[in-house]
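The values are calculated or read from the model by the stated rules, or taken from the named source; none is laboratory data. Please read these numbers as outputs of a predicted model, since none were measured by experiment. All Cβ positions, even for glycine, are placed from backbone atoms using ideal geometry, and neighbour counts span all protein chains on display. The protein model used for the area step is the full one, side chains on, heavy atoms only, and it has no ligands, DNA or RNA in it. Shrake-Rupley method; radii C 1.70, N 1.55, O 1.52, S 1.80 Å.
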Amino acid sequence: MTKKVTITDLAKRANVSVTTVSQILNGKEQRFSQKTVAKIKALQLEMGYVPDFNAQSLISRSGKTIGVIVPSINNPFFAEFNHGIDSYSASKGYTPLIFGSNNSPQVESRYLVEAIRRAADGMIIASAVSDVNETDKLLRQNGLPYLLIDRNPPVKGDLVDVQNKQGGQIVADYLHENGHHKIILVAPKDLTLNMELRITGFKEKMKELGVDFSDDQIVHTDLSMAGGYQITEKVLAAQPTAVFALNDELAVGLNRGFAEHDVRVPEDVSLIGYDNIDLAAYTIPSLTTMNQPAFEMGETAARLIIDRIENSDSDLQRVTLPIRLVKRNSVKKIN
Ligand code: RIB
């Protein structure tokens with residue numbers, strides 16, 4: 001295998017010093033003649049020289065890196081969220097270092113340390129942080145600004161909020177409007193604050209509308225398509241007219257489970273999800289769901305954390321992003 005091209009190789013070919021090459025490739029080209037700059041850049045291309053990350057971050061005292069921890073990188077919602085982070089970070093010359101904690105506090109702690117070790121300039125954490133105080137202490141000790149989002153409680157600091165409670169209320173309203181009073185809510189076994197808020201909003205609105213809804217009408221399963229699929233029989237046993245799944249993956253699994261039991265959506269049972277992942281538009285029938293602006297959540301989180309990295313004393317920013325009910329074909333009006 002051939003050796004990696006080094007800055008020394010490039011300097012030798014150009015017949016200049018290593019310092020000259022380093023300065024030209026690190027934004028100080030105005031110190032040199034146009035001819036030298038052009039020569040170095042042409043040679044860089046020709047030789048395929050990629051500057052060493054560690055050396056560059058030592059010079060700039062920044063890795064221009066955002067550490068990101070999400071609960072799962074397979075989850076389509078977080079794929080979109082990461083896309084938003086990536087897109088904004090790239091526009092500002094930052095690179096996200098994305099970790100999936102697999103919902104494990106141990107994995108999360110390990111990745112937190114890894115992000116610090118790899119010179120992250122700031123952190124965005126969407127997985128439910130097991131110990132907010134410990135995380136705060138570790139990141140503060142290392143001088144790293146951070147932003148907790150989605151599955152985390154709001155803490156003092158920059159914030160991106162997404163109206164979870166209101167989401168639950170809107171779903172309740174819509175199902176009521178369509179005549180549904182016998183509803184099963186499908187939730188994950190481990191409820192994080194954002195999911196709890198959806199349930200609270202749903203329950204409060206049902207109460208306000210005078211519809212009975214008790215905790216017996218909530219069934220718990222793994223937060224995945226498989227989890228939704230596996231809970232099908234339990235849901236059907238309750239004979240609901242409508243099912244509210246706390247995320248679209250659950251709804252997709254249920255939709256398949258219903259079909260295998262010859263239960264038609266929405267003729268026999270209505271189904272509503274949450275998130276509006278891409279797949280929701282392609283299930284049969286297409287899924288009515290609450291749109292969460294996952295891409296904008298990522299973009300905004302990246303914007304806030306980069307602003308904080310570059311200006312640590314600026315005022316706190318708190319952004320609330322809107323949610324929106326996407327009406328497709330999985331809810332039927334009944335009498
Ligand atoms: O599966 C993704 C879900 O978990 C979303 O609803 C999101 O808000 C997260 O917490």
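Checking the structure you have, find out if any residue of region 74-89 is open to solvent by 60 Å² or more (accessible area, probe 1.4 Å) and among the hydrophobic types (A, V, I, L, M, F, W, C). Within region 74-89 (the criterion being open to solvent by 60 Å² or more (accessible area, probe 1.4 Å) and among the hydrophobic types (A, V, I, L, M, F, W, C)), the answer is no, since none of the residues qualifies.
Of all residues in region 123-144, those satisfying the criterion of being at pLDDT 90 or above, open to solvent by 50 Å² or more (accessible area, probe 1.4 Å) and in a loop (DSSP other than H, G, I, E, B) are Asn142, Gly143. Evaluate region 236-248: report whether one residue or more is within 16 Å of the ligand (Cβ to nearest atom) and either more than 29 Å from the chain's Cα centre (by Cα) or open to solvent by 20 Å² or more (accessible area, probe 1.4 Å) (or both). No - not one qualifying residue is present in region 236-248. Taken across region 284-302, residues that are more than 16 Å from the ligand (Cβ to nearest atom), free of Cβ contacts under 8 Å to residues at least 40 places away in the same chain and more than 23 Å from the chain's Cα centre (by Cα) do occur, with at least one present. Residues in region 69-98 that are of a type in the set (Val, Ile, Thr), within 15 Å of the ligand (Cβ to nearest atom) and out of contact with any helix residue (DSSP H, G or I) (no Cβ under 6 Å at 6 or more places or on another chain): Ile73 only. In region 161-200, what residues are away from the ligand (no atom under 16 Å from the Cβ), open to solvent by less than 40 Å² (accessible area, probe 1.4 Å) and in a helix (DSSP H, G or I)? Matches in region 161-200: Ala172, Tyr174, Leu175. Pull up region 57-73, narrow it to residues that are open to solvent by 20 Å² or more (accessible area, probe 1.4 Å) and not in a helix (DSSP H, G or I), then point me to the one that is modelled with the lowest pLDDT. Applying the filter and picking the extreme gives Arg61. Going by what's in this entry, would Ala120 be described as assigned by TED's automatic domain parsing to the domain that holds Asn152, in a helix (DSSP H, G or I) and either under 21 Å from Ile309 (Cβ atoms) or touching a Gly at 6+ places or on another chain (Cβ under 9 Å) (or both)? Taking the combined requirement at face value, the residue does not satisfy it. Looking at region 145-160 only, could you name the residues that are in a loop (DSSP other than H, G, I, E, B), free of Cβ contacts under 8 Å to residues at least 40 places away in the same chain and surrounded by 15 or more Cβ atoms within 10 Å (Cβ to Cβ)? Listed by number, the list holds a single entry, Val155.
Take the conditions modelled with pLDDT under 95 and assigned to a loop (DSSP other than H, G, I, E, B) and apply them to Ser314. Does it pass?
Against the criterion (modelled with pLDDT under 95 and assigned to a loop (DSSP other than H, G, I, E, B)), Ser314 qualifies.
Residue check: is Val16 at pLDDT 95 or above and not in a helix (DSSP H, G or I)? Considered against the rule, which asks whether it is at pLDDT 95 or above and not in a helix (DSSP H, G or I), Val16 comes out as yes. Can you confirm whether Thr8 is among the β-branched types (Val, Ile, Thr) and open to solvent by 30 Å² or more (accessible area, probe 1.4 Å)? Taking the combined requirement at face value, the residue satisfies it.
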